[in-house]
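The structure appears below as structure tokens.
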Amino acid sequence: MQMDPNKIYPGIRLLLNTGNHDAALLSLEKMMEVFPDHAVARKDLGMLYCNLGDFERALENIEAAVELDPENIGFKKSLAQLYDEKLNRIGDAAKIYVEIVSRYPNEVEALFKLSKICVLLGKPTEAVVFCQRILAIEPWHQEAREFFSRLSESKDGSSSYKIKDVSLPATKGVISQSTEGPASDIPRQALAKEGEQAKIKYRACENVRVLVCIASSGVKNHPYTIRMLEEFAKMPFDVDVIVRGTEIIDYPRRLREKLGIRHIRHPRSEGYRLTYFHRCDVTYLQDEYDLYIYNEHDQLITRENIEGYLFHAKDFPGEIIPGFLRYGHLPEEDPHARSEKYLIDIFEHSGFDPSPAIEYPWVEVNGRRYFSTKNRHQGSWFMTREQLKRAIQSDGFVASWHGGPYGVSEQACSDPYTQCGFDMKVIPYDDLDNFLIHHMPDRYTYTGMPLLMLKSYLAGIKEPSLIFRKPSTKFSSGNLIANPKIGAPCRHEYNGP
């Protein structure tokens, strides 16, 4: 007669409920010999091993339970708790909790665990966000209210919150251990390490000529434009700047001399067409520079952005191009928040789940990992000389507004990634921090997603979506075919910058 595990298990459950753990352990071990795929029994066996301090067997059984029933949130919570409280694998625990709240935004227990993990990872602002979410769902949640109170205590004028005794008893000591443990346990440490290694490689990119084109409409963003130019002036590159604007800007003399600024004033009625004049500029100067940048007048491009772009673009297949994400900060009255980054191109409607905004979470290019977003707008575009020639050769670079999901100003930045011969814009996973551009007005921060959320989501992806191993496609001026559309938006008005 064949045994039915569903008739055996209730007796074991009774042993567990009455505290007879020794007998329950023996019964579960025997049951696993006959029914190794019984997920609930496997999870209970793992929890018993955990209570006995045998964390290796606990991990083996709870991971097996999750694999047998991947939709069971309770199993995932047990695994995350084991990672967090017993194995000091905080990053792995965070990935699981992020996965849970991505699918179930009102899962209060997971939100509360995430708030505590954020503190352990040095992200108290994200912890506050999670606590606020909990209290919006359950205003009576006493633990969340007390934890939120500690996080929100008076600040001492420094760049961090005063946080007192924020760890649960089971996690005491993890804060000091986590900063000394393996980098693989904390994604941000691994990213920082990779970023430092990459910066060393970027130093070989210093001897390049860069042309920066800026569209400046109106006067309210002039302080941001000056701040942007000051950053370019500090760089080791040979930078030239062309500004096309509807108003006069009073540039400091040192910036004019350092950057050779050419300011071309246009009638206010042409404000929306400034970007198309810039495309004529770079077409006219396509053989003069190594890197071409178009930027809106309120975004801060850094040396690391340029070094990173040159490093990653040098061996790319011709149809792939690196891209960036924009971020903002919370208001200045929160001094700690000035160090936190909220991605304004990961839209608000995605909530705690970045996946709706991600096209491919893992794109492998020449052995390196990248990802792509559905939103191509980034307030700027970067192209090497070879990439620019490819764009010019297409029918879409110097073209008038053509409708679609992006407005006129957005198309100024998105067209190179959508209709200029490139199949995909990708962002480096292991070097993400150097591919973030600050939108200085911080105007859209509250619609953005915390950077930590995106990193945690991407860290949970285990296999590539796409793989490219093609050699880089090079374009030279001798291979270019004359494009009758070049110069069309400018008609006879354009005589060079």
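For the peptides 381-387, 316-322, residues were scored by their other Cβ atoms within 10 Å and the scores averaged per peptide; the highest-first order is 381-387, 316-322. Near the amide H of residue 460, within less than 5 Å, lie no amide hydrogens of residues on another chain or at least 5 residues away, with H placed in the peptide plane.
Using the Stokes-Einstein relation with a Kirkwood hydrodynamic radius computed over Cα pairs, the translational diffusion coefficient of segment 23-131 at 37 °C and a viscosity of 0.692 mPa s comes to 227 µm²/s. When 244, 133, 103 are sorted by how many other C-beta atoms sit within 10 angstrom of their C-beta, beginning with the fewest, the order is 103, 133, 244. Between residue 135 and residue 233, the simple spin-label model (points 7 angstrom out along Cα→Cβ) gives 4.5 nm. Most tightly packed first, judged by the mean number of other beta-carbon atoms within 10 Å of their residues, the peptides 448-455, 390-397 read 448-455, 390-397. Backbone amide hydrogens, once placed in the peptide plane, bring residue 264 within less than 5 Å of 243, 244, 245, excluding anything fewer than 5 places away on its chain.
Read the figures in this text as sums done on the coordinates, not as results from a lab. What you see is a predicted model, and the numbers here were worked out from it, not measured in a lab. Note that we place each Cβ from the backbone using ideal geometry, even for glycine, and neighbour counts take in every protein chain shown.
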